[in-house]
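This report refers to the structure that appears directly beneath it.
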Amino acid sequence: MPVRSRRLTRGAGAAAVAALLAGSLSAMPAAAAETLPEVTAQDTTTSPGVLVSPRATAAPEVTASQDATASAGVLVSPDVTASQDATASPEATATVRSTPPTVTAAPPVADADKTRFGAAVAGSLTPAVPTMSGNPVMDLTLTANAGSWGPAPVNLSYRWLRGQFVIAGATGESYRLTADDVNEFIRVQVTGSKSGYDSLVKTSDAKLIAAGTIGSIPPTIAGFPATGSVLIASSGTWTPAPIEVTYQWFRSGEAVAGATGSTYRLTSADVGATMTVNATGTAAGYAPAHRSSASTPVVTKVSIRALMDAKYGQPGVADLLGRPTGSDIPLADGGAQRDHERGSIFWSEATDAVAVRGAMHAAYQGANSTSGSLGYPTSDEVGVPGGAYQQFQHGGIFWSPATGAHPSVNGPLRDLYFAYGFPAGFMGFPTSGELGGLKDGGRYQTFQNGTILWSPASGAHLVFGGMRETYVRNRSENGSLGFPTGKETPVPGGAYQQFQNGGIFWSPSTGGQITLKGAILDTYSSYGAHTGFLGFPTSNELSGLKDGGRYQTFQNGTILWSPASGAHLVFGGMRATYVGNGSENGPLGYPTGRETAVTGGAFQQFQNGGIYWSAATGGQVTLSGPILDTYKAHGAQAGFLGFPASGVMGGLRDNGKYQAFQNGAILWSPASGAYLSFGGIREAYARSGLENGRLGYPTSNEYGIPGGGVRQDYQGGAITWTSDGGGVATFN
């Protein structure tokens, strides 16, 4: 237990130290031992430590006393002189000239300047504040200057910061500025590290990063400055690539609304003005660059007739169109038309003069020419694989020898046709124009290999092949399915397409069949639809059954539905039995549950009974009533009767009925009720003529009698059975 430290007297302290260095504490004078101070933990941590002279190889080891190991410090001279108390006067020091003991209290101290026990104190680095060189502009490089760190050598590492956040991967001495750095402050941090020294981190001043500069030359304008001509802007070279270039045309210094392309067709509104174009280059991290062209000469007006003549004078046009059949015809929207033997030339300020001929011309006229949905032609007819095509303001006309010429107007139908590859895709060429007048505002267009239908609610979708045949057979959009809402999708073994009110499943063996949204489709889906054991539909969903019922057949079963019963599947042996008993028109009515496995077979519930099936008996009908109640009361198929071996049979005397089972029968009449008949008693009953004999119907089940044996009562008597005598009938 620690005690309060006490200062030694000069003589007693010297004697204690001499004894300690000479041997163990047991050799100390008693007075010295009593006055030896015990040093607490606080004394240890605040003691001056151990100084070792150049001639010393180790500090003295003190093991005899806690007080000794925690002493205030030992100074060892070249002559191995030790002092118990660093604060004592020189007279308190004793000298021992014999060999000192081995010292283990503290490790050797390699540096004579280190004066404390334990781990050496880490040194301090002399750092420098880093600086950055380089132009702080996007896409240029900044380089860190760490400055002079000491004592050399010092390991230096770098990391760059954007604002207060470290830039991932930026750990080199230099850093190339990116678009993310624009308008941000960039700093560099330098970390100095050296073994035996504390690491230091120094951060440079920040630099605000400016956007980069895009280089270019002014754009130029090519083209003749006259109405009807097309001016073409050339932007030249922009650096650094890639640069996105946009345009704006100006009429005598005023921006032309909507004129933002690299080309511009001159109109009468430009007459008397000069034209310029402004090109703007943009790229991430760079300030937008604006460059303007020189002005064109003043735009002059060219007559429409001159433009028509110029078109007719182009090589080959006269041969295609033949001679003019009249003069230029002004059109209501400012355009003009000149008719020829085999076509016409059409002109507008927006499109210039373009020729339309032959079948294209006939189809164009059928679509109301310039006043119709196509607008003015914008290009001459061009050949495409299998036919020809001509572009108009709002669509185009396709032609082939097999289909003739038909318009394709901009909109959702044309967009889908384009998505399928136009005539080069599997749809082929149009076989009609786009037609309206369908229900709900719908439209459609037919092609060589399909039909595209569209409505505001469903969008545009293609129907083709077997799906199309099934859809048309069921009155297309006017039938139960409505408009298509998805594309035909391959499924294992066939295909499927979704419509507003259901879908069509198709397979090579079943063809296309309709499944309507509702309970039957939901039940089909619950069995895995076409991927489940039912397979594909083999009929559409059909109505007209009794009580408002509906049904649909599948490869491996039938689903029936009525408002009272819901939708349920009947398949396999159950289905064969159900159909053999008149299906929903028979005594069972509609199914009210799904087939359920039972011990030895299966069972399914119907409105008016059920069907039990086993491999040995097949499917047999059990109708609701006293016979079925009695059967269930005796354990049904799990009881000793086993599975039914027949259905409920009527036509017996007195309006009776019976049903046979694997191990007996149940008989019923209005007068007698329903009772079992089996085993030896049944054999005797059969010998007496069953219900047609003197016994009539049973009026009880078998019951035990005194002395062994069983008895069963009948309307006209009883049958007693014993193991010795078998069954014996007695009559009333």
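The values are calculated or read from the model by the stated rules, or taken from the named source; none is laboratory data. It should be emphasised that the depicted structure is a prediction, and the values quoted were computed from it without experimental measurement. Cβ placement follows ideal geometry from the backbone for every residue including glycine, while neighbour counts extend to all protein chains displayed.
What to note about this one:
- TYR590 meets all of the listed conditions (1) of a type outside the set (Lys, Arg); (2) more than 30 Å from ILE520 (Cβ to Cβ); (3) crowded, with 22+ Cβ neighbours inside 10 Å but one, namely (2).
- Of the strands (runs of 3 or more DSSP E) contained entirely in region 230-285, those carrying at least 1 residues that are over 23 Å from VAL302 (Cα atoms) fall at 230-234, 244-251, 275-282.
- Residue in region 319-331 that is assigned to a strand (DSSP E or B), hydrophobic (A, V, I, L, M, F, W, C) and outside the structural domain of SER235 (by TED's automatic domain parsing) present: yes
- Among the residues listed as THR143, THR220, THR213, the single one being hydroxyl-bearing (Ser, Thr, Tyr) and over 48 Å from the mean Cα position of the chain (by Cα): THR220
- Looking across region 439-459, the residues that are more than 15 Å from PHE398 (Cβ to Cβ) and without any contact (Cβ under 8 Å) to a residue 40 or more places away in the chain come down to LYS439, GLY441, ARG443, TYR444, THR451, LEU453, SER455, PRO456.
- Of the strands (runs of 3 or more DSSP E) lying entirely inside region 464-533, those carrying at least 3 residues that are farther than 20 Å from TRP454 by Cβ are 494-499, 502-507, 511-516.
- The lone exception for LEU438 - which of (1) in contact with an Asp or Glu (Cβ under 8 Å, 6 or more places away or on another chain); (2) of a type in the set (A, V, I, L, M); (3) crowded, with 20+ Cβ neighbours inside 10 Å it fails: (3)
- The residues in region 217-232 that are touching a Ser or Thr at 6+ places or on another chain (Cβ under 8 Å), at pLDDT below 95 and surrounded by fewer than 18 Cβ atoms within 10 Å (Cβ to Cβ) can be counted, and the count is 6.
- All positions within region 596-622 that are of a type in the set (A, V, I, L, M) and free of Cβ contacts under 8 Å to residues at least 12 places away in the same chain: ALA597
- Some residue of region 584-596 being assigned to a strand (DSSP E or B) and among the charged types (D, E, K, R): no
- Scan of region 349-375 for residues that are out of contact with any Asp or Glu (no Cβ under 9 Å at 6 or more places or on another chain), hydroxyl-bearing (Ser, Thr, Tyr) and modelled with pLDDT of 95 or more, ordered by number: TYR364, SER369
- Count of region 233-255 residues which are in contact with a Phe, Trp or Tyr (Cβ under 9 Å, 6 or more places away or on another chain) and modelled with pLDDT under 90: 1
- Any hit, region 258-265, residues being out of contact with any helix residue (DSSP H, G or I) (no Cβ under 9 Å at 6 or more places or on another chain), of a type in the set (A, V, I, L, M, F, W, C), buried (at least 19 other Cβ atoms within 10 Å of the Cβ) and under 26 Å from SER348 (Cβ atoms): no
- Looking across GLY557, GLY535, one residue alone is under 24 Å from ALA616 (Cα atoms) and either under 38 Å from the mean Cα position of the chain (by Cα) or at pLDDT below 95 (or both). It is GLY557.
- Residue within region 390-398 that is within 18 Å of GLY465 (Cα to Cα) and of a type outside the set (S, T, N, Q) present: no
- Residue check for GLY404: of a type in the set (Gly, Ala, Ser), at positive phi and over 28 Å from the mean Cα position of the chain (by Cα): yes
- When region 446-488 is limited to residues that are in contact with a Ser or Thr (Cβ under 8 Å, 6 or more places away or on another chain) and of a type in the set (S, T, N, Q), the one that is farthest from ASP415 (Cα to Cα) turns out to be ASN474.
- Top-ranked residue in region 663-689 [being among the polar types (S, T, N, Q) and assigned to a strand (DSSP E or B); ranked as nearest to GLU702 (Cα to Cα)]: SER677
- Filtered residues of region 295-315 (kept if surrounded by fewer than 17 Cβ atoms within 10 Å (Cβ to Cβ), of a type in the set (A, V, I, L, M) and modelled with pLDDT under 95): ALA306, ALA310
- Identity of the residue in region 534-559, in a loop (DSSP other than H, G, I, E, B) and aliphatic (A, V, I, L, M), that ends up surrounded by the most Cβ atoms within 10 Å (Cβ to Cβ): LEU534
- Residues satisfying the stated conditions in region 692-708, i.e. surrounded by fewer than 23 Cβ atoms within 10 Å (Cβ to Cβ) and closer than 20 Å to TYR631 by Cα: THR699, SER700, ASN701, GLU702, TYR703
- Qualifying residue in region 625-635 (condition: surrounded by 19 or more Cβ atoms within 10 Å (Cβ to Cβ), among the acidic types (Asp, Glu) and either in contact with a Lys or Arg (Cβ under 9 Å, 6 or more places away or on another chain) or at pLDDT 95 or above (or both)): no
- One residue stands out in region 641-662 among those that are under 60 Å from the mean Cα position of the chain (by Cα) and part of a loop (DSSP other than H, G, I, E, B): the one that is surrounded by the fewest Cβ atoms within 10 Å (Cβ to Cβ), namely SER646.
- Condition check for ALA686: within 24 Å of MET649 (Cα to Cα) and more than 60 Å from the chain's Cα centre (by Cα): yes
- Restricting region 528-566 to residues that are hydrophobic (A, V, I, L, M, F, W, C) and in contact with a Leu (Cβ under 9 Å, 6 or more places away or on another chain), the residue that is farthest from PRO490 (Cα to Cα): LEU545
- Given (1) in a loop (DSSP other than H, G, I, E, B); (2) buried (at least 17 other Cβ atoms within 10 Å of the Cβ); (3) aromatic (Phe, Trp, Tyr), index of the condition TYR175 fails: (1)
- Test: residue in region 513-525 that is out of contact with any Pro (no Cβ under 8 Å at 6 or more places or on another chain), closer than 19 Å to TYR420 by Cα and among the polar types (S, T, N, Q): no
- Number of the condition not met by GLY428 [criteria: (1) part of a loop (DSSP other than H, G, I, E, B); (2) closer than 29 Å to LEU542 by Cβ; (3) touching a Phe, Trp or Tyr at 6+ places or on another chain (Cβ under 6 Å)]: (2)
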